[in-house]
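Here's the structure we're looking at; comments come further down.
Read the figures in this text as sums done on the coordinates, not as results from a lab. Keep in mind the model is a prediction, meaning the values are calculated, not measured. Cβ coordinates were reconstructed from backbone atoms using ideal geometry, including for glycine residues, and neighbour counts include every protein chain displayed.
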Amino acid sequence: MAHSFLVTTAIPEPGLQLLSDAGRVTVLPEPPGYEALAALCASGDFDVVLTQLRDVIDAPLLAGARLRGVSNFAVGYNNIDVDAATRHGILVGNTPGVLTDATADIAMLLILGTARRVVEADRLVREGKFLGWEPELLLGRDVSGAVLGLAGFGRIARATARRALGFGMEVLFAPRPPGDRPVSAEELGEFAGRVRQVPWDELVERSDFLSLHVPLNDQTRHLVDAAVLERMKPGAILINTARGPVVDEAALVDALRNRVIAGAGLDVFEDEPKLAPGLAELPNTVLLPHVGSATVPVRSEMARLSALNAVAIAEGRIPPHPVNHLAGT
Ligand code: GLV
């Protein structure tokens with residue numbers, strides 16, 4: 001019998017072609033709500049569902065699902081209860097590696113954009129208020145010589161470090177905030193002697209730019225809360241390209257309003273696509289619509305990897321990028 005794939009939102013090529021070469025493909029015309037998706041997953045009509053971050057694949061849905069697998073069109077998979085999937089014998093795949101540089105570019109863009117007040121500057125020009133060069137027009141800050149603190153030291157943090165070093169920044173990192181783990185010189189590799197590990201508390205207190213690169217889980221939810229914001233430098237800028245709920249967004253709005261910190265560059269939001277009340281009105285922010293991986297080649301690679309994961313799972317093989325392992329596989 002031909003394999004059958006449910007695709008919750010159309011993905012770029014070669015994703016759909018790879019899936020249709022391997023079986024029957026159903027692409028939903030619009031993103032399904034939770035109940036509709038749960039019913040489709042329980043129908044027994046599909047081997048694998050190809051999901052987006054907005055699709056909530058939680059324990060109750062997985063308990064009723066008649067699926068072999070879930071292939072997430074993302075590197076992060078906080079939308080999926082992976083432990084529940086494993087318990088129900090459902091494999092999960094993701095798309096690591098291909099979006100590392102693109103996402104680090106966006107982190108660097110947010111660092112530069114907040115430092116040099118790009119949104120305010122753009123608005124001023126468009127509003128016809130640029131009246132010629134002025135000695136004190138829109139003065140920003142230097143990134144060279146500034147301290148960049150990386151919360152996390154995985155692929156995207158390292159790619160951000162590489163860029164920041166090129167801009168003359170001093171780079172500190174805490175590998176697994178709020179906890180710790182020693183990172184050996186060998187693990188540091190190309191960064192040995194160029195970046196320095198510090199405890200999370202010190203990272204918070206010393207960073208001019210604090211950039212978040214942690215997965216969202218029970219340990220990192222609200223990692224940056226009111227107490228952390230209070231301990232940051234008054235001139236510090238928070239950068240988030242990871243996951244919105246890593247930051248208590250209401251506390252961030254208060255901190256920005258009251259100048260507890262100086263600014264924020266955000267590509268992700270706590271309750272996406274909604275923004276915390278007041279955030280959009282703050283001038284000292286750069287706000288992007290979760291576009292870390294949004295380049296044509298990267299989205300095409302993500303489509304390819306997610307399709308390859310889906311096809312492998314449907315054929316009873318271990319996917320090229322598994323998130324979980326089932327007993328006996
Ligand atoms: C995007 O946020 C991803 O996890 O790929």
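Label residue 45 and residue 318 with points 7 Å out from Cα along Cα→Cβ: what is the distance between them in nm?
Taking the two extended label points, one gets 3.3 nm.
Under a GNM of the chain (C-alpha, springs under 10 Å), which listed residue has the highest mean-square fluctuation: 185, 115, 303?
185
Rounded to two decimals, what is Rg over Rh for the stretch 100-287 when you use alpha-carbon atoms and the Kirkwood radius?
Taking Rg over the Kirkwood Rh, I get 0.97.
Need one number: nm distance between label points at residue 233 and residue 24, each 7 Å from Cα along Cα→Cβ, rounded to one decimal.
Label-label distance for residue 233 and residue 24, simple model: 6.1 nm.
Suppose only helical runs count, i.e. DSSP H with n ≥ 4. What mean residue ellipticity at 222 nm does that imply for the chain under -39500 (n - 2.57) per run, divided by all residues and rounded to the nearest 500 deg cm²/dmol?
Details: 12 runs with 111 residues, N = 329.
Computed mean residue ellipticity for the chain: -9500 deg cm²/dmol.
Where does the stretch 45-135 land on the Kirkwood hydrodynamic radius, alpha-carbon pairs, in angstrom?
Values: mean 1/r = 0.0604 Å⁻¹.
That comes to 16.6 Å for the stretch 45-135.
Between 148, 62, 131, where does the largest GNM mean-square fluctuation fall for the chain, given springs only between Cα atoms within less than 10 Å?
131
Points 7 angstrom from Cα along the Cβ direction at residue 198 and residue 88: gap in nanometres?
Distance between the two pseudo-spin positions: 4.5 nm.
Measure out, as a whole number of angstrom, how far apart the alpha-carbon centroids of the stretch 103-126 and the stretch 60-97 sit.
One Cα centre to the other: 36 Å.
Using alpha carbon centroids, what distance separates the stretch 253-314 and the stretch 178-203, in Å?
26 Å
So if we plug the beta-carbon distance of residue 257 and residue 127 into 1/(1 + (r/R0)^6) with R0 = 22 Å, what FRET efficiency do we get, rounded to 0.05? Write out the running numbers ahead of the final one.
Numbers: r = 23 Å, r/R0 = 1.05.
Calculated value: 0.45.
If you stretched the chain out fully between residue 176 and residue 17, how much longer would it get, using 0.36 nm times the residue separation minus the C-alpha to C-alpha distance? Display every interim value, and only then the final one.
Numbers: separation 159, 0.36 × 159 = 57.24 nm, distance 3.88 nm.
Taking residue 176 through residue 17 to full extension adds about 53.4 nm, to one decimal.
At q = 0.09, 0.10, 0.12 Å⁻¹, what is the base-10 log of I(q)/I(0) for the chain according to the Debye formula with one equal point scatterer per Cα and no solvent? Please give it to two decimals.
Relative scattering, expressed as log10 I(q)/I(0), comes to -0.53, -0.64, -0.88.
Where does each of 300, 144, 211 land when they are ranked from fewest to most other beta-carbon atoms within 10 angstrom? Display every interim value, and only then the final one.
Values: 300 16, 144 10, 211 29.
Fewest-to-most Cβ neighbours within 10 Å comes out as 144, 300, 211.
Can you tell me which of 94-106, 237-249 comes out highest on packing, and rank the rest after it, using the mean Cβ neighbours within 10 Å?
The peptides rank, most packed first, as 237-249, 94-106.
If you place +1 on the Cβ of every Lys and Arg, -1 on the Cβ of every Asp and Glu, and leave all else neutral, what size is the dipole of the chain about its Cα centre, to the nearest 20 Debye?
Details: 30 positive and 40 negative charges, 93 e Å.
I would put it at about 440 debye.
What ranking do 133, 200 get, fewest neighbouring Cβ atoms within 10 angstrom at the top? Before the final figure, lay out the partial values.
Working: 133 6, 200 18.
Listing 133, 200 from fewest to most nearby Cβ atoms yields 133, 200.
How would 222, 290, 325 line up from fewest to most surrounding beta-carbon atoms within 10 angstrom? Numbers along the way, then the final one.
Values: 222 15, 290 18, 325 11.
Going from sparsest to densest Cβ surroundings: 325, 222, 290.
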